[in-house]
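Asker: The structure under discussion is supplied below as structure tokens; questions concerning it will follow.
Derivation of every value follows stated rules applied to the coordinates shown; laboratory data play no part. No experiment lies behind these values; they were computed from the predicted model shown. Glycine gets a Cβ as well: all are built from the backbone with ideal geometry, and neighbour counts include every protein chain shown.
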Amino acid sequence: MKKRVYRFFLDYEQEEAWVNNMAEQGWHLKRTMLGYFIFEKGEPGQYIYRNELVKNKNQDYFEFLETMDIEFISKFGGWAYYRKQKSKGPFELFSDSSSKIQYLKSISRLFISITFLNLLFGFINLNIGLGESTESFLNTGISLLNFVVVMIMCIQIYKVERRKIGLQRELHIFEG
């Protein structure tokens, strides 16, 4: 039995927690795309799932994960999902705070790029919208959408930066 769910997340940790909650209920992730998840009914609590931004990862990385009994499930865009049988122990993709900080920096860079692109297109569309073209209403509306995306991305950047600062403090305390 399959279950298709449409649900959009901006916070990768919330998305991962939701997928793991589904797995606890016996719904195992089979495929994902932006906001679209396909699950298959199975044994509750069998797997632990993790997601990751996999920009610049080569085949050796995926082969290394296989040697750790980590199964690749799905990839869309730059995001990938993995799972590991719960009975085989804990499952984390990052073994230390330093690697997690580097990972958060790459997520931050992605969000900052999206923010600047939307800011640029927002001003371009606003400039066209304030002109006397026949598409001015449409361009003004699109510019407002661009600015909404900028605000949403700023919130996500703030969240990622807070996580990164928390990890840096922990790292400093332990190294201290």
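Asker: Can you tell me which lysines have their Cα less than 22 Å from the Cα of residue 55? Leave out same-chain residues fewer than eight positions away.
Answerer: List returned: 30, 75, 84, 100, 105, 159, 164.
Asker: Over the stretch 2-88, what lengths in whole Å, largest first, do the semi-axes of the equivalent ellipsoid take, defined as the square roots of 5 times the eigenvalues of the alpha-carbon gyration tensor? Mind showing how you got there, number by number?
Answerer: Values: eigenvalues 78, 57, 21 Å².
So the equivalent ellipsoid measures 20, 17, 10 Å along its semi-axes.
Asker: Could you identify which residue out of 95, 74, 143 has the top mean-square fluctuation in a GNM of the chain using Cα springs shorter than 10 Å?
Answerer: Greatest mean-square fluctuation among the candidates belongs to 95.
Asker: What residue among 91, 64, 147 has the largest mean-square fluctuation in a Gaussian network model of the chain, using Cα springs under 10 Å?
Answerer: Looking only at 91, 64, 147, the largest GNM fluctuation is found for 64.
Asker: Still on this model: Consider just the alpha-carbon atoms of the stretch 78-176 and return their Rg together with their Dmax, both in angstrom.
Answerer: Computed over the Cα atoms of the stretch 78-176, radius of gyration and Dmax are 20.0, 65 Å.
Asker: Let me ask something else about it. Treating only the Cβ of Lys, Arg, Asp and Glu as charged (+1, +1, -1, -1), what charge dipole size does the chain show about its Cα centre? Round to the nearest 20 debye. Before the final figure, lay out each step's value.
Answerer: Working: 23 positive and 20 negative charges, 64 e Å.
Magnitude of the dipole: close to 300 debye.
Asker: Tell me which DSSP H helices of the chain clear both cut-offs, 27 Å or more of axial length from alpha-carbon atoms and a mean Kyte-Doolittle hydropathy of at least 1.6. Let's see the in-between values first.
Answerer: Numbers: long enough: 97-129 (46 Å, 0.82); 136-175 (57 Å, 0.60).
Span-like helices, by this rule, are absent here.
Asker: Considering the chain as a Gaussian network with a 10 Å cut-off on Cα pairs, which listed residue, 81, 49, 36, attains the greatest mean-square fluctuation?
Answerer: 36
Asker: Can you tell me how much longer the chain between residue 64 and residue 123 gets when fully stretched, taken as 0.36 nm per residue apart minus their C-alpha distance, in nm with one decimal?
Answerer: Details: separation 59, 0.36 × 59 = 21.24 nm, distance 4.48 nm.
Separation in residues times 0.36 nm, less the Cα-Cα distance, equals 16.8 nm.
Asker: Suppose every Lys and Arg Cβ carries +1 and every Asp and Glu Cβ carries -1, with no other charges. What dipole size does the stretch 2-88 come out with about its Cα centre, to the nearest 20 debye? Can you show the working numbers first?
Answerer: On the way: 15 positive and 13 negative charges, 81 e Å.
That gives a dipole near 380 debye.
Asker: Points 7 angstrom from Cα along the Cβ direction at residue 1 and residue 106: gap in nanometres?
Answerer: With each label point 7 Å from Cα toward Cβ, the separation is 3.8 nm.
Asker: Compute the separation of the alpha-carbon centres of the stretch 116-176 and the stretch 1-35 and state it in Å as a whole number.
Answerer: Here the two parts' Cα centres lie 26 Å apart.
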